[in-house]
Each structure stands twice: as structure tokens, then as C-alpha cells.
Amino acid sequence: MTGLVYKEWKQNRWFILSMIPCGFAPLLALLLLREQITSVNNIALRIGGLIAGFLAAGALQMLVLRGDDRKLWGYWITATPDGYKGFLRVKYEMIFGMIVLLMFSVQFVDMGYCAVAADMGKADAVQISGIALPLCFVQILLRAIDIPFVYRFGSKKGSFVKLICLIVLVIIMLTFLILNIEHSDNIIESCKKVINVQNSSLLLSVGLVVCLALYYLSYRITCRLYLKGVEQYDH
Amino acid sequence: MTTKNKCAKPLGIYLLTVFAFMLLFVLCIKPMNASNTVFYIIYMIFSFSPAIASLITRAVTKEGFRDMKLHLKLSGNFKWYLLAFGLPLICFSAKFLLPVILSGHADWLGGFTAQNVLSNLFTLAAMSAVMSIGILGEELGWRGYMNRKMEPLLGRVGTCIVGGIVWGLWHLPMDIFGCDGAISDAFAMCGGRMIQLTLFGVFLMWMTKKTDSVFPAVIGHYMFNESQGALANLLYQGNIPENADLGVIADVFEFLPMFVVAAVFMVMLLSDKNRTSKTV
């Protein structure tokens with residue numbers, strides 16, 4: 001297992017470390033658009049920077065999967081004592097670690113910004129880490145969806161297949177909505193009943209745990225699909 | 001060179017480095033009071049000082065950076081991760097709730113609705129997976145380095161006691177800062193915490209040895225910090241009178257749950273040791 005961790009670190013250390021500058025994105029957004037700053041809070045600008053940082057980090061997280069979609073590597077890693085399951089486990093752990101590192105970096109910068117703002121006499125600067133937390137779990141969920149596609153179909157074909165699946169899903173949902181247009185009021189009412197002020201915190205917390213569970217489920221699915229994927233890799 | 005001599009020098013360097021960081025914190029209290037930025041920078045450095053000290057010691061003694069127990073070791077150990085999550089929560093639930101229930105004031109627990117409890121439980125579970133990384137700054141030093149160097153010198157019981165005292169003492173500068181320089185208050189706060197940490201340290205040491213990873217200790221430590229806040233928050237949502245005083249029973253339960261945990265895991269630590277030596 002140590003060998004696999006070493007391999008991932010040597011191969012992807014710059015991608016892993018790039019999570020730290022991604023956490024500085026809200027600060028970068030403030031620096032780049034400093035002429036538009038109206039108050040020290042600049043919450044919209046900082047949130048914009050935060051989302052940009054998360055998007056950049058997401059793209060970088062996907063880059064660590066490049067280069068593993070090769071037949072020879074697939075067969076070789078299956079023959080090692082850790083097997084392909086060990087290899088996939090390290091990949092999943094590494095990507096999870098990257099998300100955690102990003103979150104830590106975001107919090108570090110955010111708290112630093114608020115401390116500096118307080119020294120400037122602007123005690124009303126609020127932290128945006130509260131928004132970063134759901135974004136972090138959204139990122140975990142997105143990776144849980146992305147990774148099985150990459151290993152089943154290869155990195156290029158995988159993104160294409162994922163896109164088709166998403167389009168099909170959207171079409172199905174739209175069709176469902178159009179067919180039930182006369183019951184739309186009932187659907188909205190039942191949604192309002194489920195999501196209300198009283199149980200919103202419970203739903204949110206359950207959602208966070210579900211994201212973690214889906215990430216683990218994604219690992220199990222990838223383990224099932226990996227060898228089928230290896231058979232179909234181009235080279 | 002014997003094993004004891006091999007461990008004494010790195011342990012000495014490690015403890016000196018940690019106490020140097022403590023001194024830095026104490027010396028910076030005045031500028032920290034004057035500036036939020038200085039406070040933030042010093043606080044962050046100080047929070048990671050046990051880990052930084054372990055890295056410095058490894059570099060100085062040339063023992064290298066292998067075996068830092070940084071593997072997650074999830075397979076086969078997931079149950080211990082769950083225990084690290086659940087045990088502090090159970091302990092603090094017993095500490096906060098049992099005195100209230102036993103003294104016949106269960107009506108104070110109005111905030112403990114199923115919805116609130118579940119919501120807090122799931123939030124803590126999710127947060128402990130993502131937000132506990134900061135605790136690595138402590139655990140990499142205490143469990144990942146100090147305890148391992150102390151054990152050949154002091155034995156398991158000695159390591160738990162002395163390690164707990166060092167761990168508790170390390171928090172003293174923060175207490176001094178928190179008490180605005182009122183030294184007697186800071187020592188009282190530090191003393192209470194030292195007992196709690198010494199007792200809880202037994203569980204964390206057992207957990208680290210069992211899984212050969214510092215991450216369960218990281219989760220346990222995170223839950224030790226956060227579950228108190230979550231339970232207190234739920235308590236405040238109830239209808240507790242302002243002059244509420246539970247008397248002796250609250251004092252008994254202040255340390256009793258943690259003492260039981262420490263006793264159980266100390267027995268397990270010692271029986272594990274006996275089993276290992278018999279096998280050898």
C-alpha cells in the first residue's frame with residue numbers, strides 16, 4: 001500500500017498541492033476586482049471567488065485520474081498483492097484528501113481575511129466558510145459520479161458517456177414534469193411539506209452523510225467495473 | 001545504544017521544541033491582544049506546533065519521516081473509526097445529561113427532540129470526516145510521535161499519565177490568553193482540562209496502537225472538542241432556569257464517564273501488552 005501512495009504522490013503531488021492555492025481564490029477575486037470593491041464584506045465577490053476556486057479544484061482533481069486508463073497498467077496492478085482494489089482505494093482516498101485540503105485552505109484564508117478586516121476596524125466582515133462546507137460535499141458527490149465513468153470507459157470516453165447519461169436524465173425528468181403538469185401544484189406542495197424550516201437542518205445533515213455514503217458506494221461500483229473497463233481501453 | 005537511550009534524546013528534543021512554541025505564545029500575548037492578525041498567525045502556528053515539533057525532531061535526529069502512521073488503514077478498522085466517533089459523544093452525553101436526569105430535571109431537556117439530536121449527529125458525522133484535518137496538527141505530535149518515544153522509557157501507564165499531563169499543560173498558554181492574564185483562573189481551567197485529557201488520552205493511545213494510524217485519534221479528538229459544543233447547544237435550547245445548580249451530582253459526573261473509559265482502555269492496553277509479550 002505504501003508503494004501505491006508513493007506512486008500517487010510522485011505522479012500527482014503538484015495537483016495535490018494545487019488545492020492550497022485554490023483556497024486562495026476568494027482573496028484573488030478581491031485583488032483582481034479591487035476597483036469594484038464597495039465594502040470590506042464584499043460577500044458576493046468572495047463567494048464568486050470561492051465557487052471559482054472550487055471549480056478549478058474540481059478540474060484539477062479529475063486530472064489525477066489521467067494516465068491510468070491503460071490496458072497494460074490495468075493488468076499489471078491487478079497482479080500486484082494490493083490488486084486493483086488497493087489501487088482504487090488509494091485513488092479514492094487521495095481525491096478525498098484533496099477535497100479536505102481544499103476545505104482547510106479555504107477556511108485558513110477566510111479566517112485570516114476576517115482577522116485582517118477586524119484589524120482595519122471592519123468587524124462586520126463575515127466568514128464564508130459556511131458556504132464552503134456544502135460546496136465541499138457537492139464536490140465529493142460530483143467525484144463520486146465522475147470516477148466510475150472514468151475507470152469504466154477511459155478518461156475521454158468516460159466524460160462523453162457521463163454527459164450523455166446526464167442529458168438523458170434531464171430529458172426523463174423534464175418529460176415527467178411535462179406529463180404531470182396538471183399535478184404540478186400537488187408536487188410543489190408535497191415538496192414544501194418535506195422541505196420546511198423545521199426539518200431543513202435535518203435534511204441538510206442527512207444530505208451531507210448521504211454524500212459520504214455515495215462516495216463509498218462509488219468506490220464499490222468502480223471496483224466492480226474496473227476490469228470490464230480495462231478490457232475496453234484503447235491501448 | 002539501548003532502546004531507552006534511543007528514545008530519550010528524540011523525546012527531549014521534541015518536548016523542548018513543543019515548550020519553545022508555548023513560550024513563543026506566552027511572549028506574544030501582548031501583541032496578540034492588540035491585533036487580530038497577530039493572534040490568528042500565532043494561534044495557527046501554535047495549533048500545529050506538536051506536528052511541527054515532531055517533524056523538526058525527525059529531521060534533527062535523522063530518524064527520517066517513515067512510519068508517521070499517516071495511512072488511513074480503513075479496511076478492517078472501520079469499526080474503530082466508528083468507536084472514535086461515538087465514544088466521546090457517549091461520554092459527554094453521560095456527563096451533561098445523566099446529572100440532569102438523575103436529579104429529576106428531565107424537563108430541562110426540551111431541546112433534545114429526535115429531530116435536533118439526529119440533525120446534530122449527522123452533522124457531526126459529516127464534519128468529522130471533512131473538518132477534522134486541523135487536529136492532525138496535534139495528533140501527529142502527541143500520538144504519532146511523543147507517545148511512541150515515551151513508551152519504552154515510562155511504560156504504558158507512565159506514558160498515559162505523563163503524556164496526558166504534557167498534553168494538558170500545552171493548552172496553558174491558550175488558557176492564560178483566554179483568562180485575560182488571570183493566572184489563577186488559567187491554572188484552574190488548565191488543571192480541569194489536564195485531568196480530562198489524561199483520561200481521554202488512554203483511549204486515543206489504545207486506538208492508535210490498535211489501528212496503527214493517527215486518523216482514528218484525529219476523529220476521536222475532533223469529537224472530544226465538538227460534541228461538547230453540540231450537546232451544550234442542545235441544552236441551551238431547553239428551559240433551564242438561570243440559577244440552575246445540580247450540586248454534587250454534577251461534580252461527580254464531571255469526570256466519572258471519562259474515568260470509566262480510561263479504566264477500561266487502560267486494562268485493554270495492558271492486556272494487549274501481556275498478550276504481545278507472551279506471543280514473543
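Data table
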| item | result |
| --- | --- |
| Of the criteria (1) part of a helix (DSSP H, G or I); (2) in contact with a Gly (Cβ under 7 Å, 6 or more places away or on another chain), which one A:Asp69 fails | (1) |
| Within segment A:1-24, considering residues that are hydrophobic (A, V, I, L, M, F, W, C) and without any contact (Cβ under 8 Å) to a residue 40 or more places away in the chain, the one farthest from B:His71 (Cα to Cα) | A:Trp14 |
| Helices (runs of 4 or more DSSP H) within segment B:41-149 that include 1 or more residues surrounded by fewer than 20 Cβ atoms within 10 Å (Cβ to Cβ) and within 14 Å of chain A (Cβ to nearest Cβ) | B:78-102, B:114-130, B:136-141 |
| Output for segment A:6-37, where each listed residue is of a type in the set (Ser, Thr, Tyr) and surrounded by fewer than 17 Cβ atoms within 10 Å (Cβ to Cβ) | A:Tyr6 |
| Residue ID - modelled with the highest pLDDT, chosen from residues in segment B:225-269 that are within 24 Å of the chain's Cα centre (by Cα) and among the acidic types (Asp, Glu) | B:Glu226 |
| Of the criteria (1) more than 30 Å from B:Ile101 (Cα to Cα); (2) not polar (S, T, N, Q); (3) not in a helix (DSSP H, G or I), which one B:Pro216 fails | (3) |
| B:Met44 being under 24 Å from B:Val214 (Cβ atoms), modelled with pLDDT under 90, under 20 Å from the mean Cα position of the chain (by Cα) and not basic (Lys, Arg) | no |
| Helices (runs of 4 or more DSSP H) enclosed by segment A:153-235 - at least 1 residues per element that are at pLDDT 95 or above, within 14 Å of chain B (Cβ to nearest Cβ) and closer than 30 Å to A:Trp73 by Cα | A:200-232 |
| Subset of segment B:1-16 (residues that are in a helix (DSSP H, G or I) and farther than 16 Å from B:Asn147 by Cβ) | B:Asn5, B:Lys9, B:Leu16 |
| Hits in segment B:184-202 - residues which are among the hydrophobic types (A, V, I, L, M, F, W, C), closer than 21 Å to B:Ile29 by Cβ and in contact with a helix residue (DSSP H, G or I) (Cβ under 7 Å, 6 or more places away or on another chain) | B:Ala186, B:Met189, B:Cys190, B:Met194 |
| Some residue of segment B:63-70 being basic (Lys, Arg), at pLDDT 90 or above and more than 20 Å from B:Asp180 (Cβ to Cβ) | no |
| From the options A:Ala59, A:Ala52, residue that is surrounded by 15 or more Cβ atoms within 10 Å (Cβ to Cβ), away from chain B (no Cβ under 14 Å) and small (Gly, Ala, Ser) | A:Ala52 |
| Residue count, segment B:236-280 (criterion: outside any helix (DSSP H, G or I) and within 11 Å of B:Leu199 (Cβ to Cβ)) | 0 |
| Any hit, segment A:44-64, residues being farther than 30 Å from A:Asp119 by Cβ, not in a helix (DSSP H, G or I) and not aliphatic (A, V, I, L, M) | no |
| Hey, A:Ile140 β-branched (Val, Ile, Thr) and either at pLDDT below 95 or not in a helix (DSSP H, G or I) (or both) or not | no |
| Matching residues, segment A:122-143, being within 12 Å of chain B (Cβ to nearest Cβ), more than 10 Å from the chain's Cα centre (by Cα) and crowded, with 18+ Cβ neighbours inside 10 Å | A:Ala125, A:Ser129, A:Ala132, A:Leu133 |
| Search result, residues across segment A:78-121 that are in a loop (DSSP other than H, G, I, E, B) and within 11 Å of chain B (Cβ to nearest Cβ) | A:Asp82, A:Met120, A:Gly121 |
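The values are calculated or read from the model by the stated rules, or taken from the named source; none is laboratory data. Bear in mind that the values here come from a model prediction, so they are computed numbers and not experimental data. Methodologically, a virtual Cβ is constructed for each residue, glycine included, from the backbone with ideal geometry; neighbour enumeration extends over all protein chains shown.
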